[in-house]
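A short worksheet on the structure shown next.
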Amino acid sequence: MTLIVGLGNPGDKYAGNRHNIGFMVIDRLIERLEARDVSKSAFEGECYKAKNYLLLKPGTYMNNSGKSVLAVKNFFKPEDVIVIHDELDLNFGGVKMKRGGGHGGHNGLRSLDEYIGKGYIRLRMGIGKPEHKSQVISHVLSDFNEEEQKVLSQWIEHCADAALQLCEKEVNEVASTMSAKSIENVV
């Protein structure tokens, strides 16, 4: 069994934010796999199960995501954990994956590293970087613009496919066929 975690912030206020792209992929996987809700209050998030997949949207807000992931991990004891998250250092629509690594200032990853260590697989979804560092928070908490929304569903579908492949194949094998530098390489 593999635990696939999408990072984001709970609540309608954040639903369309760039920071919530992980939640968007999990929502698509829930729909595609017809996953059933297996949430418990101790999980502090929404947890779904389908076949050999667990799908999690932590309800602890981004900065404390690791707490929810640890609770689900301790309960179900999955063989592996895949984390889907936004990535400032990739152009919009870019997709990269790897096992382990640093958090790069991403507070959700920082929390995961503290709670479960660094050995999980990361599916990094590029949201681009604002012009000035002072704009990072407003950028990640902003919704995708009109142009980006035209290809958002295709990008989400591509990353849902990649997440499922990561459950079955080695990271490098999936990365060689599913990675992309920008949205033009996805659609």
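Worth a mention:
- Filtered residues of the stretch 43-76 (kept if closer than 20 Å to residue 17 by Cα, assigned to a helix (DSSP H, G or I) and of a type in the set (A, V, I, L, M)): 62
- Among the candidates 15, 50, 42, the residue that is within 16 Å of residue 144 (Cα to Cα), surrounded by fewer than 21 Cβ atoms within 10 Å (Cβ to Cβ) and among the small types (Gly, Ala, Ser) is uniquely 15.
- The residues in the stretch 95-117 that are part of a loop (DSSP other than H, G, I, E, B) and at pLDDT below 95 can be counted, and the count is 7.
- Of the residues making up the stretch 1-42, those that are in contact with a strand residue (DSSP E or B) (Cβ under 6 Å, 6 or more places away or on another chain), assigned to a helix (DSSP H, G or I) and under 19 Å from residue 127 (Cα atoms) number 7.
- Residue selection: residue 174 satisfies the criterion of being at pLDDT 95 or above and either among the small types (Gly, Ala, Ser) or within 18 Å of residue 95 (Cβ to Cβ) (or both).
- Every residue from the stretch 134-157 that is of a type in the set (Ser, Thr, Tyr) and in contact with a strand residue (DSSP E or B) (Cβ under 8 Å, 6 or more places away or on another chain): 142
- Qualifying residue in the stretch 27-44 (condition: modelled with pLDDT of 95 or more, within 16 Å of residue 11 (Cα to Cα) and not charged (D, E, K, R)): no
- Subset of the stretch 145-163 (residues that are under 17 Å from residue 23 (Cβ atoms) and either in contact with a Leu (Cβ under 8 Å, 6 or more places away or on another chain) or surrounded by 15 or more Cβ atoms within 10 Å (Cβ to Cβ) (or both)): 148, 152, 155, 156, 157, 158, 159, 160, 162, 163
- Candidates in the stretch 77-93 are the residues that are closer than 21 Å to residue 20 by Cβ and acidic (Asp, Glu); of these, the one that is farthest from the chain's Cα centre (by Cα) is 89.
The values are calculated or read from the model by the stated rules, or taken from the named source; none is laboratory data. Bear in mind that the values here come from a model prediction, so they are computed numbers and not experimental data. FYI the Cβ positions are ideal-geometry reconstructions off the backbone, even for glycines, and counts take in every protein chain you see.
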